[in-house]
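Working notes for the structure below.
The values are calculated or read from the model by the stated rules, or taken from the named source; none is laboratory data. Just so it is clear, the model here is predicted, and its values are computed rather than measured. No Cβ is skipped: glycine too gets one built from the backbone with ideal geometry, and neighbour counts run over all protein chains shown. Heavy atoms of the whole protein, side chains included, go into the accessibility calculation; ligands, DNA and RNA do not. Shrake-Rupley method; radii C 1.70, N 1.55, O 1.52, S 1.80 Å.
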Amino acid sequence: MKAVLQEKFRATFGREPAIIVRAPGRIEFIGNHTDYNGGPVLGAAIDRGVWVALAPRTDGVWQLASAQKDGVVRLRGGDLTKHSGATSWVNYPLGVIDALRAFGLGVPPGFDYFAGSDLPLGAGLSSSAAIELASALALTRAAGAEPARDVLVKACRHAENHFVGVPCGILDQGVSGFGRRNHLVFIDCRGPRFEVVPLPEGVHFWIFNTHTKHALVDGLYAARHRECMEAARVLGVGLLVEAPLGALAAAAGRLAPVAEKRARHIIEEIGRVDATVRALRAGDLTSVGRLLTASHRSSQMLFENSTPELDFLVDTLVATPHVFGARLTGGGFGGAVMAMTSAAFSPALAAGVAAAYEQTFGARPDILHTLTADGAQVL
Ligand code: ADP
Ligand code: MG
């Protein structure tokens, strides 16, 4: 990929890139809707990502191109007008520049920029965070700066929240920034605080993307957020992460049944994230797998953010050999299921799961097999 990008950069701009960086996509491993409740989440940086090649210019012009998009966007340096339509992808690097400035970091006055990806765009694997981290790392290095990782991560989230306008939590950028091969990234969303947790050898990830999405997904997210905040209020805490064990039993009768279910999911999910970290440290993959599947069952029964498609994939996967556990990954209401497997799980077994799904739902899910990878880095 590096050589391909170098060649494309040369063909587009007629010169050599000064710097090439790569930033990975991510999966949500466990910790479903825990982020805005102040809880922890575990993510995995995957071996697919976004590359950015960059060379500074002395004439104050910004030129941006991508292997995934047509044409070259040529701008007067400093022009942070938001784009719409075919060139709206440049809002990601422009948003990063805007955020880096807000964080007191400079970028080169002029530059040529070329992005490339082996991550499907818009498939829930956070190509957006990957292009942000790759852009931020390339731009700051080209300006001779080496900001701390958490500053880069926060600036990229700021870009996505405020410039692009997507209200994502810290998981996407945190994992793309702090990922490490053969590790998971643990994020305490209150800090936020980032840590890596070793992943035992031989763990593989298989992602089944249904390409289904609930028509009312934005409203459903907002409703879940509201229900969690309402439950926290009744329990007398600022965020559900502060609710002590037993708070639900103590509040019996005061919480509406729906709020009780949402709160139980969040409080127990926070416990599952912590239990997963302990099981990983003990090398106990069977327990990790059980926790993953338990997380899905809780989404299915209590948080009610699963769908028949996602449930079918989880049911089929956990009945398939070499699968430790499976769960929906991401916000839910459609999207993808992730399975954690041993190395013995095969393309043939994955195809069997996809065929069973197709028989029931009349469409085939996309299958992606991936391992963990390092976070954003200069190559
Ligand atoms: P996801 O993060 O799940 O992939 P998003 O909708 O959040 O989906 O982000 C996808 C958007 O990020 C794309 O539509 C595009 O604008 C931008 N993007 C990501 N990678 C690239 C790339 N390599 N080249 C150009 N734009 C990209
Ligand atoms: Mg995204």
**Q.** Net charge of neighbours whose Cβ lies under 14 Å from the Cβ of ALA356, counting Lys and Arg as +1 and Asp and Glu as -1
**A.** -3
Q: Starting from the residue with the highest accessible area, list LYS261, LYS213 in decreasing order, probe 1.4 Å.
A: LYS213, LYS261
Q) Considering only GLY335, ALA279, VAL96, whose Cα is most displaced toward the positive end of the charge dipole of the chain, charges sitting on Cβ of Lys, Arg (+1) and Asp, Glu (-1)? A) VAL96
Q) Using 1/(1 + (r/R0)^6) with R0 = 45 angstrom and r between the beta carbons of ASP70 and ARG233, what's the FRET efficiency to the nearest 0.05? A) 0.35
Q.
Taking a virtual spin label 7 Å from the Cα of HIS322 along the C-beta vector, which residues in the stretch 245-280 bring their backbone nitrogen under 20 Å of it?
A. none
Q.
Could you sort CYS156, CYS189 by their accessible area in this structure, using a 1.4 Å probe and putting the largest first?
A. CYS189, CYS156
Q | Per-residue SASA entry for GLU16, accessible area with 1.4 Å probe, Å² rounded to 10 | A | 90 Å²
Q | Label-to-label distance, nm, for residues given as GLN359 and THR286 (7 Å Cα→Cβ offset) | A | 3.0 nm
**Q.** 0 to 90° range, to nearest 10: angle between helix 308-318 axis and the chain longest Cα axis
**A.** 80 degrees
Q) Under 14 Å from the Cα of LYS69, which aspartates and glutamates turn up, not counting those fewer than eight places away in the same chain? A) ASP118
Q: With a point put 7 Å past each Cα toward its Cβ, work out how far ALA3 is from THR81 in nm, to one decimal.
A: 4.1 nm
Q: Take the Cβ-Cβ distance between GLU16 and VAL61 as r, set R0 to 30 Å, and report the resulting FRET efficiency rounded to the nearest 0.05.
A: 0.95
Q: Kindly rank 354-363, 83-92 from highest to lowest mean number of other beta carbons found within 10 Å of each residue.
A: 83-92, 354-363
(Q) For the chain, give me the percentage of DSSP beta bridges that are antiparallel, rounded to the nearest 5 percent. (A) 90 percent
**Q.** Environment charge of THR293, counting only residues whose C-beta is closer than 11 Å and scoring Lys/Arg +1, Asp/Glu -1
**A.** +3
**Q.** Protein accessible area in the chain, 1.4 Å probe - carbon and sulfur %
**A.** 53 percent
Q: With a probe of 1.4 Å, find how much accessible area the chain has per residue, and write the answer as a whole number in Å².
A: 40 Å²
Q | Per-pair calculated FRET efficiency, R0 = 51 Å: ARG226 and ARG181 via Cβ, rounded to 0.05 | A | 0.85
**Q.** Mean Cβ neighbour count within 10 Å, used as a protection proxy, ranking 217-227, 199-209, 144-154 highest first
**A.** 199-209, 144-154, 217-227
Q) Charges only on Cβ, +1 for Lys and Arg, -1 for Asp and Glu: so what's the dipole of the chain about the Cα centre, in debye to the nearest 20? A) 440 debye
Q | Cα-based helix-to-principal-axis angle, 149-158 vs the chain, degrees rounded to 10 | A | 90 degrees
Q: Run the quick spin-label model on ARG190 and HIS214: label points 7 Å from Cα toward the beta carbon, then report their separation in nm to one decimal.
A: 2.8 nm
Q. For the Cα atoms of the chain, what angle does the longest principal axis make with the long axis of helix 217-235, in degrees from 0 to 90, nearest 10?
A. 60 degrees
